[in-house]
Amino acid sequence: MSQNNQNVVPNAKDALNKFKMEVASQVGVSLKQGYNGDITARQAGTIGGNMVKKMIQQYEQGLQ
């Protein structure tokens, strides 16, 4: 099974990285540009979970 990791929207990667950094600072996790393998799985999960939560909230606000 092959996996396609190409971005559909060219600027999406930069926007998601910026969003990730913003969310990380909001939840108190210090991220640096590039590799962040020194953070815990809990910290990574907190960042990802909050990103999804914020994306869902933004989508729901757009429906109203």
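Only the coordinates and a few stated rules stand behind these numbers; no lab work does. What you see is a predicted model; the values in this text were computed from it and never measured. Cβ placement follows ideal geometry from the backbone for every residue including glycine, while neighbour counts extend to all protein chains displayed.
Extension gain for Gln61 to Asn36 (0.36 nm times residue separation, less C-alpha to C-alpha distance): 5.8 nm. Each Lys and Arg Cβ is given +1 and each Asp and Glu Cβ -1; about its Cα centre, the chain then shows a dipole of about 60 debye.
Which order do the peptides 47-59, 25-37 take when ranked by the mean count of other beta-carbon atoms within 10 Å per residue, highest first?
Per-residue Cβ counts within 10 Å, averaged per peptide and sorted highest first, yield 47-59, 25-37.
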